[in-house]
Structures are given as C-alpha cells and as structure tokens.
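Asker: One structure coming up, written as structure tokens, with questions to follow.
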Ligand SMILES: NC(=O)c1ccc[n+]([C@@H]2O[C@H](COP(=O)([O-])OP(=O)(O)OC[C@H]3O[C@@H](n4cnc5c(N)ncnc54)[C@H](O)[C@@H]3O)[C@@H](O)[C@H]2O)c1
C-alpha cells in the first residue's frame, strides 16, 4: 500500500547490490511512494548488472557509478543527478559498508591498520564526503533528509562485528556533527537508522551470522525487522512527516536494543 508520502521528491540511493540489499527495497519503496530516484553503486558492483533491473522497475532511474571514497566520483554523481532532476535533491540514502579486516578474516586484536583505514573510508568517512560534496554544490533542498544505516555494535560489544563496530561509531558521530552544521545551514536533517541483523551480502559477511540472527530474533519482542520494514521507515524519514528529526540514531530492531533477556533465549539456554 502506498500513501504518496514522497510525491514530487527527488533522491539518490547508494548501495543497491542485489534484491536482498536494504537499498534495493528502499528504492522500490521510494518509487512506490511517488519519488524520482537516481541509483548509484561502486563501478565494480555495477558490473554485476543486477541494478539495471531495479532501475527499469523504478521508472528507468539513471544509474551513475561512484566509488563512495572518491570526491571526484561524488561530485560527478551529484552534478549529474541535479541535471537529471532539474533542481535540488530532497533525500539521500547512504547504504554502504565494507570491513576489509572482517572480509579477510583478521581478528580484531590483530587488525591490519591499512585495511582498517580503508574500512573507515568506505563505511564512515564516505558519509562526510557525500555531505561535503552536496554542501559545496549547494545540492540539498531545505529540510532535505539524509539517512545512513548503522548497527548497535556502535554502542555495545558484539565481538564478531570486529572493526565494523568502530566504523559504525564513527559513522554515527559524523551524522551528529555534519547534521549540526547542515541543520544550521539550510535545515537539512541527517540521521542513522540502526537496523536488525538482515540476511544481505554485507550482513552475511559477519562470522556466525546465522546463529546470531536467530539469537536476535529471540531477543526482540517484535522479532527481527526485515529489510522491507526498514525501507518503510526510511521512506517516513524522507517524508515531510519527520521534518524536525535530526542528528539521531534511530533503532529499527523490533525492540532488541532495550531488551535484557527473554523467555525464548532462556529456553534456548536450557532453562524451563
Ligand atoms: N545486513 C545487516 O545485518 C545490517 C544491519 C545493520 C546495518 N546494516 C548496514 O546497512 C547498509 C547496507 O548493507 P546491506 O546489508 O544492504 O548489504 P549490501 O551488501 O547489499 O550493501 C552494501 C553496499 O555497499 C556497497 N559498497 C561497498 N563499497 C563501496 C564503495 N567503495 N563505493 C560505493 N559503494 C560501495 C556495495 O556495493 C553494496 O551495494 C550497510 O551500511 C550495512 O552496514 C546492515
């Protein structure tokens, strides 16, 4: 069911890799709610080709390659998007993450710092680069909304999340800091959504993901939030119904973040 929540709005969606991606579901949702969108991903991800199917579904949305760590790529992306829209941008989804130490199986205590720098660049400082590029090009409309996706490992220890815990903490800090400046400048809102574990390519890269997702399901009174529901929440955050929400980390996790223990978890531990 659609409510025309984003009628007339124009936005850029980063990170739709395949149909499991949170960004993929969000693109579909934004389009269904009346938005015009531009899709972007790293050139290497675009070569997989799946995104063209999504673009066709979303009113032949342009697909513009950009490595999120490259200021030149981001400038090109934002300029071309404004040209396509014929004006400013109303929303941006940053749905990008990559942990090099995680991917290469390096334990947190034996971190390779060069890989770690790259992890922070892709997963955290890229939000700064996106916002800075938009700022310099004066690309965002008044009350525009920017959302980045994060995970509760930024606040609490989930050991196998490894360096991505630090990356998400940094991402959330950039959200607050740039959110402050962009709010002052032209009322742009910047928030993170802290999503339940979700079976996507990035999610499944975390060690022990299958048992962890079952644990989170048992620990959440509403159960794990699926990617589709995350897309719904993002659409609301892009809409005019949330104009004064900024610099927040918003949990979208079925209640996991505030639950201490549940009978389902105790039962799995061998309790009565
Ligand atoms: N899946 C989960 O359990 C979960 C939970 C909480 C938060 N998140 C976050 O949600 C976001 C989206 O991840 P997802 O789960 O949909 O997985 P995904 O693998 O579908 O998406 C990650 C995206 O990042 C893109 N990317 C990687 N390096 C890039 C670069 N240099 N330039 C541009 N794009 C690049 C990939 O191409 C991919 O499209 C990430 O920030 C992730 O950390 C995921």
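Asker: Looking only at the stretch 33-45, which residues are in a loop (DSSP other than H, G, I, E, B) and either over 21 Å from residue 240 (Cα atoms) or near the ligand (Cβ under 6 Å from one of its atoms) (or both)?
Answerer: 42
Conditions tested, residue by residue: (1) within 20 Å of residue 235 (Cβ to Cβ); (2) touching a helix residue (DSSP H, G or I) at 6+ places or on another chain (Cβ under 6 Å).
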position	(1), (2)
119	no, yes
122	no, no
125	no, no
133	no, yes
139	no, yes
142	yes, yes
157	no, no
172	no, yes
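Asker: Of the residues in the stretch 51-63, how many are crowded, with 17+ Cβ neighbours inside 10 Å, more than 18 Å from the chain's Cα centre (by Cα) and in a helix (DSSP H, G or I)?
Answerer: 1
Asker: Which residue, of 165, 153, 139, 66, is buried (at least 19 other Cβ atoms within 10 Å of the Cβ), more than 14 Å from the ligand (Cβ to nearest atom) and modelled with pLDDT of 95 or more?
Answerer: 139
Asker: Here is a follow-up. So residue 145 clears everything in (1) within 14 Å of the ligand (Cβ to nearest atom); (2) buried (at least 16 other Cβ atoms within 10 Å of the Cβ); (3) within 28 Å of residue 253 (Cα to Cα); (4) in contact (Cβ under 8 Å) with a residue 60 or more places away in the chain except one condition, right? Which one?
Answerer: (1)
Asker: Quickly run through the stretch 185-207 and pick out the residues that are modelled with pLDDT of 90 or more and part of a loop (DSSP other than H, G, I, E, B). Before you say what the answer is, go through the steps one by one.
Answerer: So in the stretch 185-207, the residues modelled with pLDDT of 90 or more come out as 185-200.
187, 188, 196, 197, 198, 199, 200, listed by residue number.
Asker: If you don't mind, another one. So for the stretch 252-259 (the condition being within 14 Å of the ligand (Cβ to nearest atom), out of contact with any strand residue (DSSP E or B) (no Cβ under 9 Å at 6 or more places or on another chain), at pLDDT 95 or above and assigned to a helix (DSSP H, G or I)), does at least one residue qualify?
Answerer: To start, the set of residues in the stretch 252-259 that are within 14 Å of the ligand (Cβ to nearest atom) comprises 252-254, 256-257.
Imposing the further condition that a residue be out of contact with any strand residue (DSSP E or B) (no Cβ under 9 Å at 6 or more places or on another chain) reduces the set to 254, 256.
With the extra rule that they be at pLDDT 95 or above, the set shrinks to 254, 256.
Okay, now just the ones that are also assigned to a helix (DSSP H, G or I), so 256.
Checking the stretch 252-259: at least one residue is within 14 Å of the ligand (Cβ to nearest atom), out of contact with any strand residue (DSSP E or B) (no Cβ under 9 Å at 6 or more places or on another chain), at pLDDT 95 or above and assigned to a helix (DSSP H, G or I).
Asker: Scan the stretch 1-32 for residues that are over 13 Å from residue 91 (Cα atoms), touching a helix residue (DSSP H, G or I) at 6+ places or on another chain (Cβ under 6 Å) and away from the ligand (no atom under 13 Å from the Cβ) and jot them down.
Answerer: 2, 29
Asker: Shifting gears a bit: Take the stretch 88-120 and flag every residue that is outside any loop (DSSP other than H, G, I, E, B) and under 25 Å from residue 231 (Cβ atoms).
Answerer: Those that are outside any loop (DSSP other than H, G, I, E, B) and under 25 Å from residue 231 (Cβ atoms): 89, 90, 91, 92, 93, 94, 102.
The values are calculated or read from the model by the stated rules, or taken from the named source; none is laboratory data. Keep in mind that this is a model prediction, so the values were computed, not measured. Backbone-built Cβ (ideal geometry, glycine too); neighbour counts: all protein chains shown.
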